[in-house]
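The values are calculated or read from the model by the stated rules, or taken from the named source; none is laboratory data. Quick caveat, the model's predicted, so the values are computed rather than measured. Here Cβ is always computed from backbone atoms with ideal geometry, including for glycine, and neighbour counts include all displayed protein chains.
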Amino acid sequence: MVKLSELLRKSLEDKPSDKPGLISEALKVKTDKESLPEVKKKYEDTILQIKLIMDDIRDEKQVEGGEVVNIAKIIAESLRINNDALLFFASTFNSYEAKDDYFTLHSVNTAILSGVLGLGLNLGENELVDLCTSALLHDIGLLKIPPEIMNKPDELTEKEYEQVKRHPSFGMELLKNINNLPESVPEVIYQHHEREDGSGYPEGIKGNEISRYAKIVAIVEVYEALIHPRSYRKKENIPYKGVKKLIQEERDSLDSRLIKVFLNCITPYPPGSIVLLNNSEIGRVVAVNKTIPLRPVVQIFYDTKGKPPEETKMIDLSESPVLYIEKALEESEL
């Protein structure tokens, strides 16, 4: 498992490679899109920059909000150019080994996934940037939660959970040290745990009392936490299970209209998903067919005999009517 420190070091030292990677072959046919190494570097640089900003916020230093907005602009721009590639990293990168990995990566991934939903809602350029900025900062209140609680390997006690539930209020306190932010940021920080049925916190408001951006981040944060669970959640989920849980368990507490748009954007098998085909081949989803999300492009790494193919093999399921995804797999099942 890659540590965040190693990732940050590589983001400063490594130059993008032209060597085809897992999904670069599926993406390179579209000349108007950024290359996978370019997107990867942007993703890593974003993690580095957000970590440095979060360190300053934790220390209650004065932070220039324009720096966060500029990062959000880069995310929004990259999503408009090539959202499949950023979605790949946000869906698969789960190297939360270092103590501060989870918070940094969760913040960046939530911003990316919120941007994907924002595109699905046809938000304008400025709206998309405001949404991504708000998502990057939505959980800053967690920076004031004691590390022994945040990094606890076991289930939280009721008292500890009550402490964690105070993070929206803590986030509002920390905002005093950040200037020049969109008006949506405080709403998202304070309301992203509110729920449609009034079962959320800190105020227990419901429906139209909750801002639209807070509703978006609420859906995305639940999904992101499902596919990248905290240390005390022993079993790691996969995107398909995250989608299933959103539909089955969260449909009454989250905005159903936004969930529908999100699922159309995210698909049950986003880039990075490991899938078993009905012919027993196993591969990884490398690109999504937007009009037929259940029939993505899959790179095969185990053939029908359970052996790696001699040459790179890509299957576009939208052009292979006989083949279909039988189920999604955990990496531990391989």
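Listed by first and then second residue, the pairs linking a residue in segment 301-322 that is over 19 Å from Thr291 (Cβ atoms) to a residue that is hydroxyl-bearing (Ser, Thr, Tyr) and assigned to a loop (DSSP other than H, G, I, E, B), with Cβ atoms under 6 Å apart and 6 or more places separating them unless they lie on different chains, are Thr304/Ser280. For segment 247-265, taking the residues that are at pLDDT 90 or above and in a loop (DSSP other than H, G, I, E, B), the one that is surrounded by the fewest Cβ atoms within 10 Å (Cβ to Cβ) is identified as Ser253.
Considering segment 288-313, and only residues there that are within 20 Å of the chain's Cα centre (by Cα) and crowded, with 22+ Cβ neighbours inside 10 Å, the residue that is nearest to Glu224 (Cα to Cα) turns out to be Val288.
The residues of segment 293-307 that are out of contact with any Lys or Arg (no Cβ under 8 Å at 6 or more places or on another chain) and under 17 Å from Pro271 (Cα atoms), listed by number, are Pro293, Leu294, Arg295, Pro296, Val297.
Condition check for Ser199 on (1) over 25 Å from Ile57 (Cα atoms); (2) surrounded by 21 or more Cβ atoms within 10 Å (Cβ to Cβ); (3) in contact (Cβ under 8 Å) with a residue 40 or more places away in the chain: one failure, at (2).
Considering segment 1-99, the qualifying helices (runs of 4 or more DSSP H), each wholly inside and each with 1 or more residues that are surrounded by 17 or more Cβ atoms within 10 Å (Cβ to Cβ), among the hydrophobic types (A, V, I, L, M, F, W, C) and modelled with pLDDT of 95 or more, run over 36-58, 65-92. Here is the figure for segment 149-164: residues that are modelled with pLDDT under 90 and among the charged types (D, E, K, R) total 3.
Would you check if Pro182 is more than 29 Å from Ser256 (Cβ to Cβ) and in a loop (DSSP other than H, G, I, E, B)? No: the conditions fail for Pro182. In segment 139-155, the residues that are within 18 Å of Thr110 (Cβ to Cβ) form Cβ pairs under 9 Å with partners that are of a type in the set (Gly, Ala, Ser) and surrounded by fewer than 20 Cβ atoms within 10 Å (Cβ to Cβ), at six or more places apart or across chains, as follows: Gly141/Ser169.
Annotation note: of Glu127, Glu155, Glu148, the sole residue that is in the same structural domain as His228 (by TED's automatic domain parsing), more than 27 Å from Ile81 (Cβ to Cβ) and part of a helix (DSSP H, G or I) is Glu148.
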